Amino acid sequence: MTGFKKFLFRGNLIELAVAVVIGAAFTNVVNALVRGFIGPLIALVGGEPNYDNLKFTIAGTEFPYGVFLTAAISFLITAAVVYWLVVLPATKLVERMSRAEEAVEHPCPHCLSDIPKLATRCRYCTSEVEPVA
């Protein structure tokens with residue numbers, strides 16, 4: 001039981017479980033946004049976004065290709081919404097936060113290796129360097 005307890009309470013497993021729960025909740029939010037706002041906006045411009053009734057018949061067998069078409073369009077819309085409303089803003093936020101962090105190293109003027117700002121000698125080529133304030 002001790003090994004099983006260690007497995008269950010490892011940080012990775014807990015983080016993964018939380019990520020799955022948050023992902024499921026986020027999926028509901030994105031689907032509601034697509035159904036409640038994006039879909040009706042597309043219906044205003046291009047007509048009905050639901051093509052589930054489209055099908056063709058060969059030798060008495062129906063092929064409901066409209067179900068696939070509706071799912072594909074829904075996927076593309078959802079992916080676009082997630083990209084423009086989540087991924088792009090999050091990327092810009094992370095970029096701004098990383099720019100705000102102060103660099104702790106700078107390149108050596110002789111060998112171009114990264115050395116600490118306060119170093120007076122390069123740890124790679126042993127050249128004397130001016131510390132950066």
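The values are calculated or read from the model by the stated rules, or taken from the named source; none is laboratory data. Note that this is a predicted model, so its numbers are computed, not measured. FYI the Cβ positions are ideal-geometry reconstructions off the backbone, even for glycines, and counts take in every protein chain you see. Side chains included, ligands, DNA and RNA excluded: accessible areas come from the protein's heavy atoms. Shrake-Rupley method; radii C 1.70, N 1.55, O 1.52, S 1.80 Å.
The residue list 22, 74, 45 was ranked by how far each Cα lies along the charge dipole of the stretch 1-77 toward its positive end, using unit charges on Cβ atoms, and 22 comes out on top.
If only the Cβ of Lys and Arg carry +1 and only the Cβ of Asp and Glu carry -1, the dipole of the stretch 1-125 around its Cα centre is close to 560 debye. Long hydrophobic helices in the chain, taken as whole DSSP H segments with a C-alpha length of 30 Å or more on their own axis and mean Kyte-Doolittle hydropathy at least 0.0: 11-33.
Taking every DSSP helix (H) stretch of at least 4 residues in the chain, weighting each as -39,500 (n - 2.57) and dividing the sum by the residue count yields a mean residue ellipticity at 222 nm of -16500 deg cm²/dmol. Applying the criteria of a DSSP loop state and at most 16 other Cβ atoms within 10 Å to the GluC sites (Glu not before Pro) of the stretch 46-101 yields 101.
Largest first, the three principal axis extents of the alpha carbons in the stretch 83-125 are 47, 17, 12 Å in whole numbers. Amide H contacts under 5 Å for residue 115: 106, 108, restricted to partners 5 or more places along the chain or on a different chain, H placed in the peptide plane at 1.01 Å from N.
Modelled label positions at residue 126 and residue 33, each set 7 Å beyond Cα in the direction of Cβ, lie 5.8 nm from each other.
One way to sum up the overall shape of the chain is the equivalent ellipsoid from its Cα gyration tensor, whose semi-axes run 53, 25, 16 Å, largest first. Here the gap between residue 7 and residue 50, fully extended at 0.36 nm per residue and compared with their Cα-Cα distance, gives a gain of 10.9 nm. Within the stretch 1-94, the chymotrypsin sites (Phe, Trp or Tyr not before Pro) that combine a DSSP coil assignment with at most 12 other C-beta atoms in a 10 angstrom radius are 9. For the chain, the fraction of 1.4 Å probe accessible surface lying on carbon and sulfur atoms is 67 percent. Scaled against 2.2 N^0.38 Å for its residue count N, the alpha carbon radius of gyration of the stretch 23-90 is 1.36. 3J(HN,Hα) along the stretch 122-133: 5, 6, 9, 9, 6, 6, 6, 10, 7, x, 8, 6 Hz, from the Karplus curve 6.51 cos²θ - 1.76 cosθ + 1.60 with θ = phi - 60°, whole Hz, x for Gly and Pro.
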